[in-house]
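The values are calculated or read from the model by the stated rules, or taken from the named source; none is laboratory data. A quick note: this is a predicted structure, and the numbers were derived from the prediction, not measured. All Cβ positions, even for glycine, are placed from backbone atoms using ideal geometry, and neighbour counts span all protein chains on display. When the accessible area is computed, the model is the full protein with side chains, heavy atoms only, and any ligands, DNA or RNA have been set aside. Shrake-Rupley method; radii C 1.70, N 1.55, O 1.52, S 1.80 Å.
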Amino acid sequence: MAEWQACWAQQAGGPETWIVVLTIAVVLLVGVLAILWRHPISLLRLILRVITHTVYRIRVAGRELIPSTGPALFVCNHVSYIDWLLLLVTQRRFIRFVVWAPSKRLIALRLLMRWADVIAIDGAAESSAVEETIETASAALKRGELVCIFAEGRISRNGFLLPFHRGYEEIVRRAPVPVIPVCMDHLWGSIFSYRTGKVLWKWPLELPYHVCIAFGAPLPATASAAEVRLAIQKLSADCAVRITDARRVVHRHFVRRAARHPFRSCILDPNAPLPSLNYGKTLAAAMSLARVLRPVLADDKMVGVWLPASAGGAVTNIALALLGKTSVNLNYTASADSIHSAIRQCGVRNVLTSHRFTAKVALDTGPDATAVYLEDYRPKISRFRMALTYLKVVLLPGFVLERLLGVHRHRLDDLATIIFSSGSTGEPKGVMLSHRNIAANAESMVQAIDVTETDRVLGTLPFFHSFGYTVTLWVPLQVGASTVYYPDPRQGKEIGELCRKYEPTIVLTTPTFLRFYLRRAEPGDFDSVRMLVCGAEKLPPALAVEFKEKFGVLPLEGYGCTELSPTVAANVPDRDIDGAKQVGNKPGTIGQPLPGIAAKVVDPDTYETRPPGCEGLLLIYGANVMEGYLDKPELTEQVLRDGWYITGDMAVIDEDGFIKITGRLARFAKVGGEMVPLERIDDELQDALGTNDRVVAVTCVPDEAKGERLVVLHMPLNGTTPRFLRERLSDRGLPNLWVPAERDFYEVADLPILGSGKVNWPEVKKTALEKVRGKLARAI
């Protein structure tokens, strides 16, 4: 050993060599530290590059839009405490960041910001300090530097965009430079964001964590806060479109969830043979059903489903997805002609149903399809085979199950479902929704209402309704949450008892069904509910207040369209975290666009974007926009414009980004050459009657003298007269042209309602025409 050490020392050159080596090493280390101390940004970039190639995966879009030299002002949304760090690593050029002083409370961030030479704004400081900050940023731009400002002022508390402060407008007024919108996408949910209400103290949602940073085309220095905000919102939607390529189809994601947490509660249905199914049993049931149906369905591309919101309906839809089939959930509240039309349009040859359900709701498939009763195939699924399938789910990892089922070959652009629009304002059309559409909208909903594995969703909306299909079927399965199903959303008493027993935390319904709950459910039935969202029709603020007074839960209004998979916008609870409050709910509005979705209002004739506060036609953009109408390319072209979906609704977007629907373009009457909003008259009549129940419906019929005239269908008014209602409309300042004539009030036993809870406007108009013609015939 001693000889070996002596030999090694001789080869190494003796002690003098070690002294030289150590001296050189120390000098180099000191030199490197000195350089990094003088230029700490270099060390920061090095650390960030390591992190972004291990912990984070960053996709950058629009990098070529950034000038290689010269000044520019980045205006960026603010989602987390590390937005500026991730933005820094995407650029070779140095960026001066303008940040609000409260962000400097964290000691580590304070040191990093000092190294990065940030420009701090103290919102609580005197105006002279703010003025100095603006002047510093303007001076940096004048020197040709890149400057970035987070125009929201503080980090989002709920994942939605905050109102934009106008400080950046003052900066570019003093130093007119190009304004480059920047979107930090997919950071909501990272440990550095406020999702769950905490920063740092939570587990990452995924590792590595995928982030998209998008740069938009430069805007002129004169661009308003609203224009830049819309540009960032559009970038968020663009990111949602791009990132879908990295998503799994929803049923493949469910397979992964079931394999990872097979014993977690999944489906609860008090009317099912097995009232409770965990994730493992749900997947095993779907796999077993898919196995026995495979030879029956053969090469069918589209398969009809005639089942209610139930465990059986959910498992059947999952099984069809596993088989790679496109499900067509048929509207069992529609007419036979409509059902036959849907079957014919889709080329459906088999309709999956059950004897139990058809005994209550008869099925007439017409000449083109055959009813397939699921009970007839139950004997083919032996207990042994079912147990073996369940063991596979429990024991095999998700990626193995994917390949056994073949779902790894399913593509995002494959059609997931065809949903026929309710026909509330026109003829029903087959809306083609791809797996990309469903996956994107499911992710937007998860971000918007913070659905987690601890949540339980009340599923009463039918699967032929896009809200029921996407939100009460697939959304819970993406996060490991559970769903309690009940087939009839009109049964207020039974649903109240169901909520008391199963304690759902999220309820998704419509104002029409909300009224049933008010009349028949008991106080305390909804004590477990943390969020109740209403869609499909306008939510009267008085109805929301009445519901809260009885049950202690405030209903929040949302908005969607079948063509948009369906959810577009929603109000969410206000959040106050670390002394900063973010308003999430504005009664009378439908809320803000969900993350990954952009909204704008335009002139109905020129399609020029309208500024905040101005009424216009509402357009929506995002990965949730449908593929198109089935076999109707000409109709598809009419509603899609450069990727934006034309909703047909008139709306106003305020300065904070909240949307208020003011009416439907199709629900205007042209009386004496003037456009009269029927929805406004609807609302005024309801308010004059002082009831939250829908008892009136306003429509129009042809009139030789005025072009069209207003007609009111109403349920029994309990002593109130049409003359009194006309006087109340006049007292409210409505023009005489907007006040229906007394002769045009007609009493009906019930207003026609669709299965989705919406008013059936075509049927309202048909009834009004019959009433008017009947009166005319009697007069003759």
Spacing of the two label points (7 Å from each Cα toward its C-beta) at R385 and K142, in nm: 8.1 nm
Nearby aspartates and glutamates by direct alpha-carbon distance to K771 (threshold 16 angstrom, same-chain neighbours under 8 apart not counted): D703, E708, E742, D744, E747, D750, E763
Using alpha-carbon coordinates, inclination of helix 127-142 to the longest axis of the chain, degrees: 70 degrees
Surface share of carbon and sulfur [accessible, 1.4 angstrom probe, percent] for the chain: 56 percent
The range 267-326 - accessible surface per residue (Å², probe 1.4 Å): 29 Å²
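If r is the Cβ-Cβ distance from D413 to L717 and R0 is 41 Å, what FRET efficiency results, to the nearest 0.05?
Working: r = 53 Å, r/R0 = 1.29.
Calculated transfer efficiency: 0.20.
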Radius ratio Rg over Rh of the range 627-780, counting only Cα atoms, Kirkwood formula for Rh: 1.01
Angle between the chain longest axis and helix 40-51 axis [Cα atoms, degrees, rounded to 10]: 60 degrees
Sorted largest first, extent of the range 311-428 alpha carbons per principal axis (Å): 50, 35, 23
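Full-extension gain between R490 and Q91, please, as 0.36 nm times their residue separation minus the C-alpha to C-alpha distance. It would help to have the intermediate numbers written out before the result.
Working: separation 399, 0.36 × 399 = 143.64 nm, distance 5.64 nm.
The R490-Q91 span can extend by a further 138.0 nm.
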Within the chain: Cβ-based charge dipole about Cα centre, in debye rounded to nearest 20 (Lys, Arg +1; Asp, Glu -1): 1980 debye
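Based on DSSP, what percent of beta bridges with both residues in the chain are antiparallel, to the nearest 5?
Of the beta bridges lying entirely in the chain, close to 50 percent run antiparallel.
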Relative pair counts by distance (%), Cα atoms of the range 727-770, 5 Å bins: 5, 17, 21, 16, 17, 17, 5, 0
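Output the relative contact order of the range 483-534, whole-number percent, from Cα pairs under 8 angstrom with separation of 6+ residues. Display every interim value, and only then the final one.
Details: 69 pairs, mean separation 24.5, N = 52.
47 percent.
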Heavy-atom accessible area order for R773, R257, R490, largest first, 1.4 Å probe: R773, R490, R257
Heavy atoms of M715: accessible area, 1.4 Å probe, square angstrom to 10: 50 Å²
Separation of the E497 and T370 label points, Cα + 7 Å toward Cβ, nm: 4.1 nm
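Please report, to one decimal in angstroms, the Kirkwood hydrodynamic radius of the chain built from all distinct Cα-Cα pairs. Before the final figure, lay out each step's value.
Working: mean 1/r = 0.0344 Å⁻¹.
Computed over Cα pairs of the chain, the Kirkwood hydrodynamic radius comes out at 29.1 Å.
Return one whole number: the accessible area per residue of the range 662-771 in Å², for a 1.4 Å probe.
Numbers: 5220 Å² over 110 residues.
Solvent-accessible surface per residue comes out at 47 Å².
Past 20 Å, Cα to Cα, is the threshold; run K281/K380; K493/K548; K234/K429; K538/K758 against it and keep the listed order.
Numbers: K281/K380 17 Å; K493/K548 17 Å; K234/K429 28 Å; K538/K758 9 Å.
Over 20 Å Cα-Cα: K234/K429.
Of D455, D450, which has the most accessible area and how do the rest follow, probe 1.4 Å? Show your work: numbers first, answer last.
Working: D455 5, D450 35 Å².
Putting D455, D450 in descending order of accessible area: D450, D455.
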CD proxy at 222 nm, helix term only [per DSSP H run n ≥ 4: -39500 (n - 2.57); per residue of the chain; nearest 500]: -11500 deg cm²/dmol
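Before I look further, what does the range 393-485 give for accessible area per residue, probe 1.4 Å, in whole square angstrom?
On the way: 2570 Å² over 93 residues.
Averaged over the residues of the range 393-485, the accessible area is 28 Å².
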Added length on full extension, which subtracts the Cα-Cα distance from 0.36 nm per residue, L396 to W203: 67.0 nm
Proximal lysines relative to K670, as straight alpha-carbon distance under 19 Å, when same-chain residues fewer than 8 apart are discounted: K706, K765, K766
Distance in nm between pseudo-label sites at K550 and E742 (7 Å out along the Cβ direction from Cα): 3.5 nm
Set of aspartates and glutamates near K360 by C-alpha distance (under 17 Å), chain-local residues within fewer than 8 positions excluded: E375, D488
